Structure formats: structure tokens, C-alpha cells
1. State yes or no: is Ile224 within 16 Å of the chain's Cα centre (by Cα) and of a type in the set (Val, Ile, Thr)?
2. Name every residue in segment 122-142 that is part of a loop (DSSP other than H, G, I, E, B), farther than 19 Å from His205 by Cα and of a type outside the set (A, V, I, L, M), in order of residue number.
3. If you take the residues in segment 281-300 that are closer than 21 Å to Leu242 by Cα and exposed (fewer than 10 other Cβ atoms within 10 Å of the Cβ), which one is modelled with the highest pLDDT?
4. Considering only residues of segment 92-121 that are among the hydrophobic types (A, V, I, L, M, F, W, C) and more than 16 Å from Ala243 (Cβ to Cβ), which is surrounded by the most Cβ atoms within 10 Å (Cβ to Cβ)?
5. When you check Ile190 against the structure, is it assigned by TED's automatic domain parsing to the domain that holds Leu106, on the phi < 0 side of the Ramachandran plot and β-branched (Val, Ile, Thr), yes or no?
6. Which of the following residues is out of contact with any strand residue (DSSP E or B) (no Cβ under 7 Å at 6 or more places or on another chain) and surrounded by 19 or more Cβ atoms within 10 Å (Cβ to Cβ): Gly34, Gly25?
7. Here is a list: Val71, Val10. Which entry is under 20 Å from the mean Cα position of the chain (by Cα), part of a loop (DSSP other than H, G, I, E, B) and in contact (Cβ under 8 Å) with a residue 60 or more places away in the chain?
Amino acid sequence: MSELFGHESVLPDETIDHLNIDKNGKYIDCTAGGGGHSARILERLGGEGLLIAIDRDAAAVEETKRTLEKVETKGKYIVLKDNFLNIDKIIKQYIPGGADGILMDLGVSSHQLDKAERGFSYHSEAPLDMRMDTEDDLTAYDVVNGYTKERLTEIIGRYGEERYAGRIASAIEYKRKISKIRTTTELAEIIKSAYPPKDRFKGTHPARRTFQAIRIEVNKELEILEEAIYKAADGLRPGGRLAVISFHSLEDRIVKVAFSKLENPCTCPPYFPVCVCKRVSRHKIISKKPILPAGEEIDNNRRSRSSKLRIIECTMT
């Protein structure tokens, strides 16, 4: 069955193992992409099992449907175009008793990166788009050509953790006064030109961090992540697990902090001798440290090199 899973499945064995798949369980893949993780879950389900695969990207939804149609399984599945921020509504509608496992594979998928016309990649020429949901209004073109230099500096610095954010924003502002910046390769060259010559060819491509920052801004990825984690955790049955795969420090920090608050929800000041807020923990962290990909996976799938998997379990109703 491995041909179904595609190269977009990051930490596939580790993720499925830690979800503790029950053949009659109910599972949600919040970011189906091309259906790689979904297929791995579905093939393990029996007659009472159910997989709900969702993605905000219409093209990814269709690809997931094609992938899951090929899986030999007795389990049932539903594929939805939706944002995982709505996971509470999805659980209420389809599995009101709660989920046995939920997966979030964050960031841009290989399915999206491989489609040059989507504008996620700085390696291929395409319109500046970067929308995960092509029905959304805001595009990368709008951000690059419409945001002030100060706002661009803030976004590139915060979301891209880019040390040359100010230089890059100034270069963008200068170029767009001459003519609008329309393509990914044009933007990538502008970013490269803003880098000091000594740093242009060190490590990864100079545009990598800025493209990440603009993509995060376009799709509001970090704004919705924490809320979605809490909603997902609340939608677990006792013994159910939430697995989250992140790809950069900003995502991982949000996941780590949210999991810590779920495991220890007490809001009392640390100097209080006893808890008075009466907030009782309903979750425990399974992975105190993030699970990282093995060297072999990194060799076979470059996207996995920065991935981190964290798992939390619901311990009570």
C-alpha cells in the first residue's frame, strides 16, 4: 500500500503508532493534503471504524478522495473541505461521542509545493498567490504590494525569524514603486538582492524565511492554531490522542505551550499553597520531548528534516 501514501507523509510510522489506532475507532485527519496519513489510518479500520479527512484546499480534498478510494479497508470515510478551526463543529456533527484520535500536520504540504502555479515555491515561476484555500481573498500579491514597509518588516521578522527583515522590506518597497511585483521568482530575486553578498549562498535559499512568513500571513496559520488545538483536545474521548506535526519553531512553540496548559490547567499563582481555581487536568502529554524523523526518512523526504511530532492524550471525560 506504500504507493498510496505519497512523499507528503512526514513521520508516518511514528504518527500512526502513537495514535494507537483502534479498528473500530473514530479518527480525524485535520490536514489531509494528498491523503498520505489518511490512507494509513483508513487501512487499519474495521467495519465500525470511521475516518474524517478534512483540508481547506479544494485540490487537496479531491486528491485525498482519489487516494482513499484505492485503500483496501472495511472502514468508512468522509472527506470534507473545511478549516480545522471548525473541528468542534465537525465532531459535533459526525462523531458527537468524541474522537479516538486527531492528527494535525501543519504548514504547507508537498501536494501544494509540487503545484508551481499555487505560488508557494521560490524555485518555480508562478503568480504570487500562496492561498491554501483559493476561495480566500488575501493573496501573497496583496501582502507584497499592499502592506507598508513597516508591516512587512514586522511579518518577515516575526513569522520568518529573518534577521534581514528590514533590508528585505526596503528592497520590496523600492521595487514595487517601479512596478508591481507579480511572480514568485521576481520576489525571490528581490529578497536575494537584499541579502549581504557574504550571506547569499550560505545554507538554505535566502527567500525561504520570507516566503514562509508571507505564507503564514496569507493563511493566518498561527492565529488559528492554538484555538484549534484546544478545540481538538476537548473533542477527544477518554484515551483518545491528539498528534501534531510542526515544521518550524513558531508552530512548535505554540503546540508545546498549548499542550502544557492542557496538562496543567491550574491558573493559581505559584506561591499559593493549594489550588483554588479547581481546574482539573483532563490530558497528559505523551511525548515530553518532540519525536524527530530518523536519518533515513530525512534522506528520502527533505520536507521531514525540520518536522517535530508531539502527542497528548485525553485521560478523563
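1. Values: within 16 Å of the chain's Cα centre (by Cα): yes; of a type in the set (Val, Ile, Thr): yes.
It is true that Ile224 is within 16 Å of the chain's Cα centre (by Cα) and of a type in the set (Val, Ile, Thr).
2. Asp129, Arg131, Asp133, Thr134, Glu135, Asp136, Asp137, Thr139
3. Step one: of segment 281-300, the residues closer than 21 Å to Leu242 by Cα are 281-293.
Adding the requirement that they be exposed (fewer than 10 other Cβ atoms within 10 Å of the Cβ) leaves 288-289.
On the way: Lys288: 89, Lys289: 94.
Selected residue: Lys289.
4. We begin by selecting, within segment 92-121, every residue among the hydrophobic types (A, V, I, L, M, F, W, C); these are 95, 99, 102-104, 106, 108, 113, 116, 120.
Checking the rest, the ones that are also more than 16 Å from Ala243 (Cβ to Cβ) come to 95, 108, 113, 116, 120.
Values: Ile95: 19, Val108: 23, Leu113: 16, Ala116: 13, Phe120: 26.
Taking the candidates together, the pick is Phe120.
5. no
6. Working: Gly25 fails: out of contact with any strand residue (DSSP E or B) (no Cβ under 7 Å at 6 or more places or on another chain).
Testing whether each residue is out of contact with any strand residue (DSSP E or B) (no Cβ under 7 Å at 6 or more places or on another chain) and surrounded by 19 or more Cβ atoms within 10 Å (Cβ to Cβ) leaves just Gly34.
7. Details: Val71 fails: under 20 Å from the mean Cα position of the chain (by Cα).
Matching residue, one of Val71, Val10: Val10.
Condition check ((1) within 30 Å of Thr315 (Cβ to Cβ); (2) assigned by TED's automatic domain parsing to the domain that holds Lys89; (3) in contact with a helix residue (DSSP H, G or I) (Cβ under 9 Å, 6 or more places away or on another chain); (4) crowded, with 22+ Cβ neighbours inside 10 Å) across all residues:
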site: Ala171; (1), (2), (3), (4): no, no, yes, no
site: Thr185; (1), (2), (3), (4): no, no, no, no
site: His205; (1), (2), (3), (4): no, no, yes, no
site: Glu226; (1), (2), (3), (4): yes, yes, yes, no
site: Arg237; (1), (2), (3), (4): yes, yes, no, no
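The values are calculated or read from the model by the stated rules, or taken from the named source; none is laboratory data. Since the model is a prediction, treat every value here as computed from it, not as a measurement. Ideal geometry is used to build each Cβ from the backbone, glycine not excepted, and the neighbour counts take in all protein chains shown.
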